[in-house]
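What follows draws every value from the coordinates through simple rules; no lab data is involved. Please read all numbers here as calculations on a predicted model, not as lab measurements. Note: ideal-geometry Cβ built from the backbone for every residue, glycine included; neighbour counts use all protein chains shown.
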Amino acid sequence: MALVVCLPVYANALELTGYLSAEGSLFIDEPLYTGQEQNAGSGAGQVEFYHELESGSSFTATVFARADSADNERSHADLREFNFLYLGDGWELRTGVGKVFWGVTEFSHLVDIVNQSDGVESIDGEEKLGQPMLHLSVPADIGTFDFFILPGFRERTFPGEKGRLRYPLVVDTSNATYENADEECHIDFAVRYSHTIGDWDIGLSHFSGTGRDPQLRYKETIGVAPVLVPHYIQIQQSGVDLQLMAGDFIWKLEAIHRSWDGDSYTAADIGFEYFFYGVFDSGADIGTIVEYLYDDRGRDAETPYNNDITLGLRLALNDVDSTELLTGLVQDLDTSARAVVVEGSRRFGDSIRSTLEAGAFLDAPETDPLYGFRNDSYLKLEAAWYF
Amino acid sequence: MKQIFAAILIGGLFFTSSAVLAETPEEKGLAIATEADLRDKGFGDNTANLMMILRNRHGQESKREIRTKTLEVEGDGDKSLSIFDTPRDVKGTAFLTFTHKVGDDDQWLYLPALKRVKRISSRNKSGSFMGSEFAYEDIASQEIEKYTYKWIEDSKLDGKDVFVTEQYPVDKANSGYTRIRSWLDKAEYRVWKTEFYDRKKTLLKTLTFFDYKQYAGKHWRPGAMEIVNHQNGKSTRLEFSEYKFKTGLADEDFNNNSLKRAK
């Protein structure tokens, strides 16, 4: 009897959610590089365990895994989250592996630096790896202050030899090198201030530590195919993001200045979103996005976005199945290089969501990082069951 | 007489005399809306669970589960947080809204997969809320200042003595309506029926309220609401449960951090 009485009673949230998905990728053209497979099929899943205490503090664990028929590097698992959120009086502290997002623009995420990109999951950099962190957040009347201590570095993932959408040379992720002797144990720091004043949203941030995007260094070994070896350097990066709500327009700006031993650069993404509501005499909305991407390294930039204009169109039918059509175009203003992506998705029944995506990389000159993708125009179908 | 006494007790003498002796239909319409607002003042905060049932013209149903939290703000519109539990693919998606008496509301959307808070335009008043027949402006906090008013007549609805009033959106450019006609009972100033007329001035939707219950000895809330779109034959029913008042919510439960924490 006493035992029963002593058991703690949790009358609160204890949740297990997630999804299982199947995906097929078809490529129209033959692969360019030896070892690459033509098409690929894969299965993935994510499980999130969430438990909230009476006080509002909570524990979250999220595990993601994928098995890919073609690319060994894409068959991988990652602990996306494993953290405890302590809710204080006027502050909160998240300890463990977590994920944060900074910024306002749609086509590039310059200021968003805390989490490493999961390069095998998406080419747009929007999928992230879990990052060990101590994250203190203090919302105040004059804005929110966020402080990060980031012990432990996550290396970027890259497609393997058999995968499509990769560089001509394979990135040898098992032999990454570091500028700092602490290598992946270097402790990074970040701080962010954000505030909303009327129609303005302001964000200021600074990061000090191991840069998330590596330099890819050519390495030749006798008897073996040459590879690219990721080299991670120490950087200082200051960022600003601004957003202005102006009626049907939302104006956006993200800019960073990054410096390291002996060099620096500045990059920016500036643009707007404009909305048309209730188009075609229906409940459908169209959102348009126009952004200009700039990088003062010009053609030396590792990113293909150094002087590019981007156009996005999002059609949402606002129907029961949440049908959506997204199109994106990136046009290089120096060359004829352009990338186009079209993505349609809708829900089937209560818990299945299906997405059909097509992408093409057109007219990239040899000097453009997208040149390596010229034969990788693709069609991808995904179906995910949510539980 | 009884009504007048009740109004005096709740609303104060000055206000009541203006409500009763209002001369123009516009003044009387505003007085009724003001009295209805006054009777719900002081709710502080509340939470509720919501089942949204979408029905197409063939009777096929689709359900969404939403939890809501609302905070009354002194001198401005309410703050509210809505969290989606189903459909599963949007689970954890949350809306944070700061309603303003004058000007555009502020609205943020939390996308759990990206951990991203996106500020969104609140101009889309006439847009469908999650594929339902409710527009954003139907579910937003109804602030007095967002409309002008007119009393039409005193009438009877299902045996209840009612005021029939009309309201007209101040933000004509973005509202989907030219007029909204409501039936309020004289006893408690609860809305039982509302008709929405579109920009072409034709009847678009009828909203009906059911099973009112009184909470904290003062605040009346419907157990269900059903809206029928006469033009497309679709309807949406909202069923409320677990209404709780004065749960101790405060400003810090309605900021970007709490939006990110919403589960």
What dipole magnitude, in Debye to the nearest 20, does the protein assembly as shown give about its Cα centre under +1 on Lys/Arg Cβ and -1 on Asp/Glu Cβ? 2440 debye
Just order B:84-93, A:280-289, B:219-228 by mean Cβ neighbour count inside 10 Å, highest at the front, would you? B:84-93, B:219-228, A:280-289
Give me the net charge for the shell around B:Thr47: Cβ to Cβ below 12 angstrom, other residues only, Lys and Arg +1, Asp and Glu -1. +2
Would you mind checking the tilt of helix B:25-40 against the longest principal axis of the Cα atoms of chain B, expressed as 0 to 90 degrees and rounded to 10? 60 degrees
Separation of the range A:133-212 and the range B:60-87 by C-alpha centroid, Å? 33 Å
Which whole number gives the average, over all residues in A:241-253, of C-beta atoms from other chains lying within 10 Å of the residue C-beta? 2
List residues of the range A:161-189, by number, whose backbone nitrogen lies under 11 Å from a label position 7 Å along Cα→C-beta of A:Arg217. A:176-180
The range B:116-180 and the range B:194-245: distance between their alpha carbon centers, rounded to Å: 11 Å
Arrange the peptides A:134-143, A:78-87, A:218-227, B:242-251 so that the one whose residues have, on average, the most other Cβ atoms within 10 Å appears first. A:78-87, A:134-143, B:242-251, A:218-227
Measuring from the longest principal axis of the C-alpha atoms of chain B, the long axis of helix B:2-11 (C-alpha) lies at a number of degrees, nearest 10, equal to 50 degrees
Taking 7 Å along the Cα-to-C-beta vector as the label spot, tell me the A:Ser55-B:Thr202 distance in nanometres, rounded to one decimal. 6.0 nm
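In nm, what is the difference between 0.36 nm times the number of residues separating B:Thr148 and B:Lys193 and their Cα-Cα distance?
Here the segment from B:Thr148 to B:Lys193 would lengthen by 14.4 nm.
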Helix-only mean residue ellipticity at 222 nm for chain A, each DSSP H run of n ≥ 4 adding -39500 (n - 2.57), per residue, nearest 500: 0 deg cm²/dmol
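Nothing charged except the Cβ atoms of Lys and Arg (+1) and of Asp and Glu (-1): what's the magnitude of the dipole of the range A:11-386 about its Cα centre? Round to the nearest 20 debye.
500 debye
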Here, A:Tyr86 and B:Asn232, labelled 7 Å along Cα→Cβ, have an inter-label distance in nm of 5.0 nm
Efficiency of FRET between B:Glu74 and A:Ile187 - r from beta-carbon atoms, R0 56 angstrom, step 0.05: 0.80
When Lys and Arg each count +1 and Asp and Glu each count -1, what net charge do the other residues less than 12 Å away from A:Pro226, Cβ to Cβ, add up to? 0
If I take R0 = 45 Å and measure r between the Cβ atoms of A:Val340 and B:Gln214 in this structure, what FRET efficiency does the formula 1/(1 + (r/R0)^6) give, to the nearest 0.05? 0.15
Note down the nm distance, to one decimal, between modelled labels 7 Å out along Cα→Cβ at A:Asp321 and at A:His206. 5.2 nm
Neighbourhood charge, 10 Å Cβ-Cβ cut-off, centred on A:Lys162 and excluding it, Lys, Arg +1 and Asp, Glu -1: -2
Overall form of chain A per C-alpha gyration tensor (a/c, 1.5; a/b vs b/c): rounded
